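Here's the structure we're looking at; comments come further down.
The values are calculated or read from the model by the stated rules, or taken from the named source; none is laboratory data. Note that the structure is a prediction, hence the values are computed from the model and not measured. As a convention, Cβ positions derive from the backbone with ideal geometry for all residues, glycine included, and neighbour counts pool all protein chains shown. Surface areas here come from the heavy atoms of the whole protein model, side chains and all, with no ligands, DNA or RNA. Shrake-Rupley method; radii C 1.70, N 1.55, O 1.52, S 1.80 Å.
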Amino acid sequence: MPQIDDFFMYENRVEGITEADYQRAQLYVEAAKAFAQTTYQSIYIIDYYRKNFLYVSDNPLFLCGHTADEVRQMGYSFYLDYVPKEEVEMLKELNRSGFRAFYDEPVENRCQCMMSYDFHITSGNRLLLISHKITPLVMTADGRVWLALCTVSLLPHKEAGHIEFRQFRTGEKREYSLQGHRWRNRETITLKSEEKQILTLSAQGYTMKEIAEQMLRSFDTIKFYRRQIFEKLDVQNITEALALATNYGLV
């Protein structure tokens, strides 16, 4: 039977956090609350010292019928109660492998890392697939993760997994194989100058026709470049492309 301590690895043993540290951490909680008001995603903060959740946003997506405060008090037992058993084992493995990948990075790069993966939660009679993205929020003096920020959003496909580790400073991207139990490097995404310009103009609100006029290119050429962008970023629309390109510092 999985236990909550199974999610907390020795490699990330956090020590010496004081009440004064928690008082200062309220600034991060207030920032997360403000962020939660501007996004459709659910947000929560993991506390690796107390082994629970420091904050959970009041978004029904991640609450499974509970209040945000109830889920915060449940902490990691939420996963044991609402994630299918076979996927709980996956989450435990990803927790271990994710921290190993994280601590393979130089200390100065660790705050620039993010891991993403998909898993199911049960909400009433429904089984929902969610995308889970986690990144360090506050580090200890010796480079361990004390607080981590997590975002949760719904996904249209049905399979769990899709595990990635990204290093934004270097542009490195890795995928995790649940069959081989290891990380493998993926090719770094690069965009042509025309593709970057299309994303920049799209972010400014220009239509495809207006972008063609601005770039002195045909409408069909702009369509071609945009398809290339979608393929490189593995996205379905320009909104997703802009979000991904901004997150990865591609524009």
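Here are a few things to note about the model shown:
- Within straight-line cross-link reach of K173, lysines at Cα separation under 16 Å, skipping those fewer than 8 residues along the same chain: K133, K232
- Local net charge near V71, Cβ-Cβ under 12 Å (Lys/Arg +1, Asp/Glu -1): -3
- Binned Cα-Cα distances of region 106-182, short to long, each 5 Å bin given as a whole percent: 3, 14, 20, 20, 19, 13, 7, 3, 1
- The apolar share of the surface of the chain, taken as the fraction of accessible area on carbon and sulfur atoms (1.4 Å probe, ligands and nucleic acids excluded), comes to 48 percent.
- In the context of the full set of protein chains, the chain has a per residue accessible area of 55 Å² (1.4 Å probe).
- Net charge dipole, region 113-191: roughly 40 debye, given to the nearest 20, about the Cα centre with Cβ charges of +1 for Lys and Arg and -1 for Asp and Glu.
- Relative contact order (%) - criterion: Cα under 8 Å, at least six apart; region: the chain: 14 percent
- Long hydrophobic helices in the chain, taken as whole DSSP H segments with a C-alpha length of 27 Å or more on their own axis and mean Kyte-Doolittle hydropathy at least -0.5, are absent.
- Note on S77 and V29: their simple-model spin labels are 2.0 nm apart, each label 7 Å out from Cα toward Cβ.
- Charge context of Y28, other residues only, Cβ under 12 angstrom, K/R +1, D/E -1: -1
- Region 39-79: relative contact order in percent, alpha carbon pairs under 8 Å with at least 6 residues between: 35 percent
- Alpha carbon convex hull of the chain, volume per residue in cubic angstrom: 147 Å³
- All other residues whose Cβ lies under 14 angstrom from that of D47 are scored, Lys and Arg at +1 and Asp and Glu at -1, for a net of +3.
- Counting only DSSP H runs of at least 4 residues, each contributing -39500 (n - 2.57), and dividing by the residue count of the chain, the helix-based mean residue ellipticity at 222 nm comes to -11500 deg cm²/dmol.
- Put the Cα centre of region 153-220 next to the Cα centre of region 18-38 and the gap is 30 Å.
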